[in-house]
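Working notes for the structure below.
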Amino acid sequence: MQSPRGTHDILPSQIAAWHKLETAFEEIASLYGYQEIRTPIFEQTEVFVRAIGEHTDVVGKEMYTFPDKGGDSMTLRPEMTASVIRAAIQHKLLAENPLQRLWYAGELFRYERPQAGRYRQFHQFGVECIGATTPEADVEVILLAVALLNRIGIHEYKLELNTLASKEVRQMYREELVKFLQDNKEKLSPDSQVRLEKNPLRVLDSKNPNDKIVVIDAPTIHDFLDEVCQQHFDTVKTLLTAENIEFTIQPRLVRGLDYYSHTVFEFVSSALGSQSSILGGGRYNDMFVEFGAKPTGAVGFAMGIERLIMIMEQLQPDLYQAPKPKVMLVTLDRESLQYAQSIAQTLRQAGISTVADLQRRSLKAQMREADRLGAHIAVIIGENERQNGKAVVKNMQTGEQQECAVGDVAAAVTGWL
Ligand code: HAM
């Protein structure tokens, strides 16, 4: 039996990297005043269809959707933003505090074609800043993303920035873009010919080489921005520059989810190969309206944890180094096992991580195991020690050893740690 295609087990030998990242998420999020939110891993299908948009790849092709036993259509979450906004509205979080700074980490499900950095079950860390329409909020989440990447030692990336303007401006632009693409329809790939009908903006970020050539001459949304959109975007750029954050304007960055307006961004890394996006996000003021609530400013991003780990693997040789037990109890005979176990308990109660042999192996095998585990200290018990209420404490690094009374083992061990 194998795990399903596109999923992966996170093995004990890999878990240290995940723990390091989780610690960093918590640290940086709380440094910026963000609080964690956890939502169910499945929602009513409608939540995602409304928020993400019917004509996106995510909703059209990639969702794990199933009728539950009551006949309701449920979907394993393909992203978190829709769930977080659903929860914010349901629990009236904004009535408690009109500005909500939230973060999350968890698993997502998308039925995609698996490849390096692309899975069917993957994990994201993300933040949502809800309740502000200001460009300062856009910049705050970008600064948080930068701080997090710095904190985990990732410095090689590019920030790509664009605006998708307001709904009205986007609609005007969309009409012009469709005219242009219609005129060039025969040069487009079959996929993009379909996108042209359903979701023309997505033609702009097609990976197909012929499509890429066609869209070079396409009008960009920047030719259509009204004063409000232009000002918002200009302020974001000014604030980023003031914070020494480098970025490039990528006029064809449209993102794969339909809920965005105004600022959108991606952090990309050449270390990732074809799935180059480490994180993506932007502003999505219209999602509340889709959910029947009043218009509310919101902006956020999510980063792919597997992709962070792929980059960190290349940079940090000690990424997978897990904490080691400090002490191993070694027993010379069967009768000493119980005696050893109560010493082990005393050490654990003193907060010293301790393991004991459970397999009744030879002294040599146990010492080899202590070495393999990287234990600093071996506590050795034989008949002699047992009868005299003593133990031998051996420093595995220096080879030094001392005999002490059983009540003094914790003190002797602590002295060498
Ligand atoms: P997204 O661009 O769909 O945005 O995903 C964000 C990140 O999740 C990507 O940059 C990538 O690192 C990772 N990711 C996406 N799909 C996969 C996959 N199949 N396998 C591995 N990693 C993947 C969102 O999900 C939005 N909710 C982000 C957002 C938050 N926008 C506003 N707030």
Answer yes or no: is there a residue in region 306-323 that is assigned to a loop (DSSP other than H, G, I, E, B), under 30 Å from ALA88 (Cα atoms) and in contact with a strand residue (DSSP E or B) (Cβ under 9 Å, 6 or more places away or on another chain). no
Report the residue count in region 272-302 for those that are assigned to a strand (DSSP E or B) and either over 18 Å from GLN250 (Cβ atoms) or among the small types (Gly, Ala, Ser) (or both). 7
Any idea which of (1) exposed (fewer than 14 other Cβ atoms within 10 Å of the Cβ); (2) within 18 Å of the chain's Cα centre (by Cα); (3) not assigned by TED's automatic domain parsing to the domain that holds ARG120 is the one GLU27 doesn't satisfy? (3)
Those residues of region 47-69 which are open to solvent by 100 Å² or more (accessible area, probe 1.4 Å) and either in contact with a Leu (Cβ under 8 Å, 6 or more places away or on another chain) or in a helix (DSSP H, G or I) (or both) amount to ARG50, LYS61
Could you check region 109-203 for helices (runs of 4 or more DSSP H) lying wholly inside it with 1 or more residues that are more than 29 Å from ILE305 (Cα to Cα)? 167-183, 190-198
Going through (1) closer than 25 Å to GLN231 by Cβ; (2) open to solvent by less than 40 Å² (accessible area, probe 1.4 Å) one by one, MET172 fails only at (2)
Of these, GLU290, GLU243, GLU306, GLU313, which one is acidic (Asp, Glu) and near the ligand (Cβ under 9 Å from one of its atoms)? GLU306
From the residues in region 358-399 that are open to solvent by 40 Å² or more (accessible area, probe 1.4 Å) and in contact with a Phe, Trp or Tyr (Cβ under 8 Å, 6 or more places away or on another chain), which one is nearest to MET328 (Cα to Cα)? HIS376
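Conditions (1) away from the ligand (no atom under 15 Å from the Cβ); (2) within 29 Å of LEU240 (Cα to Cα); (3) among the aromatic types (Phe, Trp, Tyr), marked per residue:
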position: PHE48; (1), (2), (3): no, no, yes
position: ILE89; (1), (2), (3): yes, no, no
position: ALA137; (1), (2), (3): no, yes, no
position: GLU140; (1), (2), (3): no, yes, no
The lone condition PRO98 fails out of (1) at pLDDT 95 or above; (2) open to solvent by 30 Å² or more (accessible area, probe 1.4 Å); (3) within 12 Å of the ligand (Cβ to nearest atom) is (3)
Can you tell me which condition VAL178 does not meet? The list is (1) within 22 Å of ASP226 (Cα to Cα); (2) touching a residue at least 24 places away in the same chain (Cβ under 8 Å); (3) of a type outside the set (S, T, N, Q); (4) surrounded by 15 or more Cβ atoms within 10 Å (Cβ to Cβ), and all the others hold. (2)
Which residue out of SER3, SER13 is within 23 Å of the chain's Cα centre (by Cα), within 16 Å of the ligand (Cβ to nearest atom) and loosely packed, with under 12 Cβ neighbours inside 10 Å? SER3
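The values are calculated or read from the model by the stated rules, or taken from the named source; none is laboratory data. For clarity, every value in this text was computed on a predicted model and none was experimentally measured. Cβ atoms come from the backbone with ideal geometry, glycine included; neighbour counts cover every protein chain shown. We work out accessible area using only protein heavy atoms, side chains counted, and drop any ligands, DNA or RNA first. Shrake-Rupley method; radii C 1.70, N 1.55, O 1.52, S 1.80 Å.
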